[in-house]
Amino acid sequence: AKMADQNKERTFIMVKPDGVQRGLVGEIMKRFENRGYKLVACKMCTPTKAHLEEHYRDLKSKGFFAGLIEYMSSGPVVAMVWEGKEAVKMGRMMLGATNPLQSNPGTIRGDFCIDVGRNICHGSDSVESGKRESEHWFKDGEIQEWSPAQSKWVY
Ligand code: RTP
């Protein structure tokens, strides 16, 4: 039971407007699939400022907050929930440091961007924020509980 629970940790990952506009949605999703994580929710939407202000509520006092909301509401994003062992910690590792100038090559940011204000993706920083963010972006029923079929539909 313990092992099964571990494998069910979830993280909220988002391709930001610049990531979508640069055609990096598939690249980012591919890395999570290849690593062994399971996609349990996915949608494209253009978030409202109010929705983003709630998502980033902990950053309200920061000088870059208004610019961040402007950037994040500028076009469609792809919101996702990925499930698997240590999904939160590994998701952050796969994204790389917040400031791309500090992100290691081999990470998503370290391979595809250079500007902290245009860092192409978001990942939850804790299991609790993963849960809060997933519930903020997805309604009940939009997150799928699923397992691969044993044989019938897959070669
Ligand atoms: P994220 O939530 O997007 O995964 O990023 P994070 O936790 O690594 O970083 P956080 O400090 O929560 O900042 C959220 C986003 O705000 C933008 N930012 N701009 N101009 C700046 O100095 C600055 N600092 C942060 C980034 O887009 C960052 O991802």
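Any chance the range 126-149 includes a residue that's open to solvent by 10 Å² or more (accessible area, probe 1.4 Å) and in contact with a Gly (Cβ under 8 Å, 6 or more places away or on another chain)?
For the range 126-149, residues open to solvent by 10 Å² or more (accessible area, probe 1.4 Å) and in contact with a Gly (Cβ under 8 Å, 6 or more places away or on another chain): absent.
So in the range 72-91, with the set limited to residues that are open to solvent by less than 20 Å² (accessible area, probe 1.4 Å) and among the small types (G, A, S), which one is farthest from A50 (Cα to Cα)?
Per the stated criteria, the residue is G84.
Can you confirm whether the range 44-63 contains a residue that is within 14 Å of the chain's Cα centre (by Cα) and more than 14 Å from the ligand (Cβ to nearest atom)?
Yes, the conditions are met somewhere in the range 44-63.
Can you pull out every residue in the range 102-155 that is basic (K, R) and in contact (Cβ under 8 Å) with a residue 12 or more places away in the chain?
R109, R118, K131
Just to be sure before I move on: is S151 out of contact with any Pro (no Cβ under 8 Å at 6 or more places or on another chain), in a helix (DSSP H, G or I) and more than 13 Å from the ligand (Cβ to nearest atom) in the structure I sent?
No, not satisfied.
If I go through the range 60-71 residue by residue, how many of them are open to solvent by less than 70 Å² (accessible area, probe 1.4 Å) and closer than 24 Å to G23 by Cα?
4
Picking from R57, R35, which residue would you name as being of a type in the set (D, E, K, R), over 14 Å from M72 (Cβ atoms) and either modelled with pLDDT under 95 or surrounded by fewer than 18 Cβ atoms within 10 Å (Cβ to Cβ) (or both)?
R35
Return the residue satisfying two criteria in turn: it lies in the range 97-108 and is within 9 Å of the ligand (Cβ to nearest atom) and closer than 17 Å to Y71 by Cβ, and of such residues it is least open to solvent (accessible area, probe 1.4 Å).
The extreme case among them is N99.
Testing I114 on (1) open to solvent by 10 Å² or more (accessible area, probe 1.4 Å); (2) in a helix (DSSP H, G or I), one condition comes back false. Which one is that?
(2)
Looking at G117, G141, G91 in this structure, which one is more than 14 Å from the ligand (Cβ to nearest atom) and either under 14 Å from the mean Cα position of the chain (by Cα) or not basic (K, R) (or both)?
G141
Just one of the numbered conditions (1) closer than 22 Å to G141 by Cα; (2) surrounded by fewer than 12 Cβ atoms within 10 Å (Cβ to Cβ) is not true of I13; which one?
Here I13 meets the rest and fails (2).
The values are calculated or read from the model by the stated rules, or taken from the named source; none is laboratory data. Model, not experiment: these values are computed from the prediction. Neighbour counts run over all protein chains shown; Cβ positions are idealised from the backbone, glycine included. All accessible areas refer to the heavy atoms of the entire protein, side chains included, with ligands and DNA or RNA removed. Shrake-Rupley method; radii C 1.70, N 1.55, O 1.52, S 1.80 Å.
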